[in-house]
1. Please list, ordered by residue number, the helices (runs of 4 or more DSSP H) wholly in segment 456-529 having 2 or more residues that are in contact with a helix residue (DSSP H, G or I) (Cβ under 7 Å, 6 or more places away or on another chain) and closer than 19 Å to Cys560 by Cβ.
2. Specify the residue that is nearest to Ala262 (Cα to Cα); the eligible residues are those in segment 310-331 that are open to solvent by less than 10 Å² (accessible area, probe 1.4 Å) and either part of a loop (DSSP other than H, G, I, E, B) or at pLDDT below 95 (or both).
3. Take Val517 and decide whether it is open to solvent by 10 Å² or more (accessible area, probe 1.4 Å) and in contact with a His (Cβ under 6 Å, 6 or more places away or on another chain).
4. Considering only residues that are more than 23 Å from Ser143 (Cα to Cα), β-branched (Val, Ile, Thr) and either within 36 Å of the chain's Cα centre (by Cα) or surrounded by 10 or more Cβ atoms within 10 Å (Cβ to Cβ) (or both), which ones fall in segment 1-49?
5. Could you list, in sequence order, the residues of segment 535-557 that are in contact with a helix residue (DSSP H, G or I) (Cβ under 9 Å, 6 or more places away or on another chain) and hydrophobic (A, V, I, L, M, F, W, C)?
6. Pairs, please: C-beta under 6 Å, at least 6 apart or cross-chain, first residue buried (at least 21 other Cβ atoms within 10 Å of the Cβ) and in segment 135-162, second among the aromatic types (Phe, Trp, Tyr) and modelled with pLDDT of 90 or more?
7. Quick one: is Cys534 over 17 Å from Arg429 (Cβ atoms) and of a type in the set (A, V, I, L, M, F, W, C)?
8. Being under 18 Å from Ser506 (Cβ atoms) and of a type in the set (Phe, Trp, Tyr): is that true of Phe456 here?
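The values are calculated or read from the model by the stated rules, or taken from the named source; none is laboratory data. Just so we're clear, the structure is a prediction, and the values are computed from it rather than from any experiment. Note: ideal-geometry Cβ built from the backbone for every residue, glycine included; neighbour counts use all protein chains shown. Note: areas computed on protein heavy atoms with side chains; ligands, DNA, RNA excluded. Shrake-Rupley method; radii C 1.70, N 1.55, O 1.52, S 1.80 Å.
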Amino acid sequence: MRGRDWINQILPDELILDIFRHLESKSSRDACALVCKRWLRLERLSRLTLRIGASGCPDVFIKLLARRFVNVRNVFVDERLSISLPVPLGRRRGADHSVISALKIHSLAETNGSEDNETESYCLSDAGLAAVAAGFSKLEKLSLIWCSNVTHVGLRSIAEKCIFLKSLDLQGCYVGDQGLAAVGEFSKQLEDLNLRFCEGLTDAGFIKLVDGSGKTLKSISLAACAKVTDTSLEAVGSHCRSLESLSLDSECIHDKGVLAVAQGCPQLKVLKLQCVNVTDGALQGVGTCCLSLELLALYSFQIFTDKSLCAIGKGCKRLKSLTLNDCTFLSDKGLEAVAVGCTGLTHLEVNGCHNIGTYGLESIARSCTHLSELALLYCQRIGNFALSEIGKGCKFLQALHLVDCASIGDEAICSIARGCCNLKRLHIRRCYEVGNKGIIAVGENCKFLTDLSLRFCDRVGDEALVAIGEGCSLHHLNVSGCHQIGDAGIIAIARGCPELSYLDVSVLQDLGDMAMVELGEGCPLLRDIVLSHCRQITDVGLSYIANRCTLLETSHMVYCPGITAAGVATMITSCTNIKKVLVEKWKVSPRTKRRAGSIISYLCVDL
């Protein structure tokens with residue numbers, strides 16, 4: 001490079017490190033690391049988080065990462081993700097050469113070994129966890145998702161050497177009681193613990209962990225741990241006085257355990273329950289003892305009644321978020337009690353609670369004037385008048401989700417549009433009474449709307465999207481299955497929403513290439529597009545998207561008879577940032593498969 005390198009001469013390491021910490025994307029950090037050796041060294045020093053997959057010889061791979069990034073605080077390992085090496089094997093030299101060589105040898109061994117050994121070699125093991133413990137002594141957050149080969153031996157290595165550990169996610173791991181006992185013995189700063197689907201645990205191991213780390217624990221999640229019972233929750237109530245969040249999904253938990261937590265954890269703010277054997281008695285205890293509760297989520301309760309919500313409304317005055325999912329015995333009376341008692345409510349979701357109707361939601365509209373997000377799913381008894389009252393009383397509403405609400409139509413949407421001008425997100429699915437009139441009102445009144453989803457709303461057509469294009473600047477649009485929408489509506493969106501980044505137009509039979517041309521011209525920021533089941537779109541329209549939307553990352557285009565192998569090849573070659581293409585297998589030529597096989601997904605291999 002000609003001239004003088006003023007940046008490296010003037011700026012100290014500390015300032016460059018601070019700049020690197022403000023880079024949000026990994027690609028930006030990687031690009032900076034390629035500028036010069038000094039920036040490479042500093043970027044490695046500033047890297048605090050690693051996200052890797054537990055496949056492709058992860059144990060050796062982690063040793064390589066530990067040598068490069070010595071200040072890492074957060075490590076996320078997900079066995080569902082694959083590993084890609086940070087550099088081509090043939091180009092590495094120097095200190096990491098032995099590690100790369102080991103990777104090559106290991107890969108060769110996998111090719112020649114038995115199927116069982118090959119499967120094990122693709123999974124993170126205790127040796128990998130030992131490498132994490134030895135290489136990242138400053139570790140504060142560790143997440144191991146479905147790492148089934150990890151045992152108590154590896155977890156003990158982490159507990160002994162990573163003394164600053166604050167967050168531990170063991171979802172789907174079989175670490176056993178000995179592993180949890182080791183965590184309780186050594187991890188004295190642990191705050192967040194996720195034990196969802198850890199089937200090998202019993203009360204013995206959980207109690208030892210709580211006995212050792214309970215003083216600092218703030219969040220616990222348990223699901224599908226059949227041998228963890230009320231006894232464990234009694235230990236939580238005795239030792240975890242600072243607990244703020246508890247999530248339980250278990251058939252082995254009863255009122256006794258929930259009451260123990262409610263009485264022993266006065267700072268509890270978040271409670272999520274999916275426990276079929278918990279009754280009104282437990283929730284009445286929560287309403288009496290958990291006065292700081294801010295979020296309550298109840299899932300699949302067949303024996304809860306309005307007594308529970310009345311107790312919550314009477315005692316939990318700070319409640320801000322309430323989720324009621326498949327609670328069949330709750331009615332308008334219970335929702336009214338929450339509305340009257342918890343006037344600071346900002347988020348409400350009612351899903352499949354068939355006894356809650358229009359009157360209950362009217363109560364929310366009258367009392368909870370700061371409501372910002374409302375979700376109504378499969379609520380057949382809630383009608384237009386309820387949402388009209390929401391429009392009048394909840395002026396701060398920013399998000400509305402409606403799914404399969406047969407009694408809600410244009411009248412309700414018009415009231416929301418006129419009364420809730422700050423609406424930013426509107427999702428409607430299979431509400432067949434909602435048509436052009438309601439969506440036009442949204443376009444005319446909700447100028448801040450950026451996210452609109454109208455899935456399978458048969459009465460919504462081009463006229464509605466023209467109004468949206470004229471009145472709103474969308475970032476996200478989903479009109480899948482809206483059969484009356486054609487080129488005119490999407491063209492209006494393309495001309496009026498230049499910041500559009502996500503578009504789903506699947507199952508639009510009348511949509512053709514003209515709309516694709518306009519999208520290519522008007523939406524340069526488009527990153528994700530779903531074109532599946534669009535029979536009128538051809539390679540011509542697809543080429544405009546591929547050539548003009550240079551930021552495109554994902555494209556779904558199955559069951560599009562007008563798109564051929566040539567169109568797929570154009571998409572692959574023109575979009576340099578493409579990460580995923582979903583298409584029929586027979587439309588991928590051998591050349592395209594060689595060039596980009598890793599980013600192509602097939603819906604049905606035999607098509």
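1. Working: elements: 462-471, 487-496, 513-522.
Qualifying helices (runs of 4 or more DSSP H): 487-496, 513-522.
2. Filtering segment 310-331 down to residues open to solvent by less than 10 Å² (accessible area, probe 1.4 Å) leaves 312-313, 316, 319, 322, 324, 327, 330.
Imposing the further condition that a residue be either part of a loop (DSSP other than H, G, I, E, B) or at pLDDT below 95 (or both) reduces the set to 316, 319, 327, 330.
Details: Cys316: 12, Leu319: 15, Cys327: 21, Leu330: 22 Å.
Looking at the filtered set, the residue picked out is Cys316.
3. Details: open to solvent by 10 Å² or more (accessible area, probe 1.4 Å): yes; in contact with a His (Cβ under 6 Å, 6 or more places away or on another chain): no.
Against the criterion (open to solvent by 10 Å² or more (accessible area, probe 1.4 Å) and in contact with a His (Cβ under 6 Å, 6 or more places away or on another chain)), Val517 does not qualify.
4. Across segment 1-49, the qualifying residues are Ile7, Ile16, Ile19, Val35.
5. Ile537, Val540, Leu542, Ile545, Ala546, Cys549, Leu552, Met557
6. Ala159/Phe186
7. On the way: over 17 Å from Arg429 (Cβ atoms): yes; of a type in the set (A, V, I, L, M, F, W, C): yes.
Against the criterion (over 17 Å from Arg429 (Cβ atoms) and of a type in the set (A, V, I, L, M, F, W, C)), Cys534 qualifies.
8. Details: under 18 Å from Ser506 (Cβ atoms): yes; of a type in the set (Phe, Trp, Tyr): yes.
Yes, satisfied.
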